[in-house]
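Bear in mind that the values in this text are calculations on the coordinates, not laboratory data. Please read all numbers here as calculations on a predicted model, not as lab measurements. Neighbour counts run over all protein chains shown; Cβ positions are idealised from the backbone, glycine included.
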Amino acid sequence: MADEKPTREEIEMAREKRRGNALKNLKAFSLLNLATAYLTQSDKNYGEHDNGSVEEFLYKPSLRNASSYDLESGEESSLVYDSLLGSREDGRRYSGQVSEYGTIKTGAVIVQQSLAAIKVKDLMGLVGSGLTIDTKAVQNRYIFDLIQSENEEDKKLAHNLIGGYMQYLATQGVSSALGLKAAAIRGGLEKLVSTPKK
């Protein structure tokens, strides 16, 4: 029995499994929050106020429970734990160096890899779009297929979809963090003027 090539059905089942695992990653808020921290700190359009809010209300709370799913196996793993063990030098115990920057960058990379494993219609759903795409052939295509296409228009579409989603993620994250900061300020003001209960 030489290496048998997988059937078309087996290939499609593997792609759908990968897609399902990718969608789990793209709905894991802690992972998305770490990716947001990476995206906003590396974009000069976001200032100190934005980044400070992202750090306080998204990044720090997400460090405790940030996890991701392996695209092939679907196994859940801790992003911080994996970063620690993955940084070991020559496999030696306790030899690694982990940086916060490396952890948030890993989060952003996982998000990008997950985006490549989903379909165009999935991405549109993640951004809350109810748009019906005119061409069914486009909405049901995997983004990875667009990336690997010989057609330059397909490659450009994939690039724009992934880049646009990452921009959307950063903007949504900053908006959410600023909303949480405003709520915390309101709570502080209310505390200042509330009458203590006797």
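A few points about this structure:
- MRE, 222 nm, helices only [DSSP H, n ≥ 4, -39500 (n - 2.57), over the chain, to nearest 500]: -20000 deg cm²/dmol
- Residues of the range 150-167 with amide N under 17 Å of a point placed 7 Å along Cα→Cβ from ASP43: 159-167
- Working note: Cα atoms of the range 1-94, range along each principal axis, descending, whole Å: 61, 35, 23.
- Nearest 10 degrees, 0 to 90: helix 100-116 Cα axis against the chain principal axis: 40 degrees
- Rounded to 10°, Cα long-axis angle of helix 29-41 versus longest principal axis of the chain: 80 degrees
- The peptide list 84-97, 120-133, put in order of mean Cβ contacts within 10 Å with the highest first, becomes 120-133, 84-97.
- Taking 0.36 nm per residue of separation and subtracting the Cα-Cα distance, full extension of the segment from TYR94 to GLU76 would add 4.2 nm.
- Nearest-0.05 FRET efficiency for THR7 and TYR168, computed from C-beta distance (R0 41 Å): 0.65
- Computed from the C-beta positions of LEU131 and PHE29 and an R0 of 22 Å, the FRET efficiency is 0.35 to the nearest 0.05.
- Shown here: Rg and Dmax of the Cα atoms in Å, derived from the displayed model; of the candidates [x] 20.5, 82; [y] 48.3, 161; [z] 16.0, 48, it corresponds to [x].
- Whole-angstrom gap from the range 92-113 to the range 23-90, using each part's C-alpha centre: 9 Å
- Pairs exceeding a 29 Å alpha-carbon distance, out of LYS17/LYS181; LYS44/LYS156; LYS17/LYS44; LYS5/LYS27; LYS60/LYS155; LYS17/LYS156: LYS17/LYS181; LYS17/LYS44; LYS5/LYS27; LYS60/LYS155.
- Integer Hz, Karplus 6.51/-1.76/1.60 couplings in order for the range 72-88, x for Gly and Pro: 7, 8, x, 5, 7, 9, 7, 5, 5, 4, 4, 5, 4, 5, x, 8, 4
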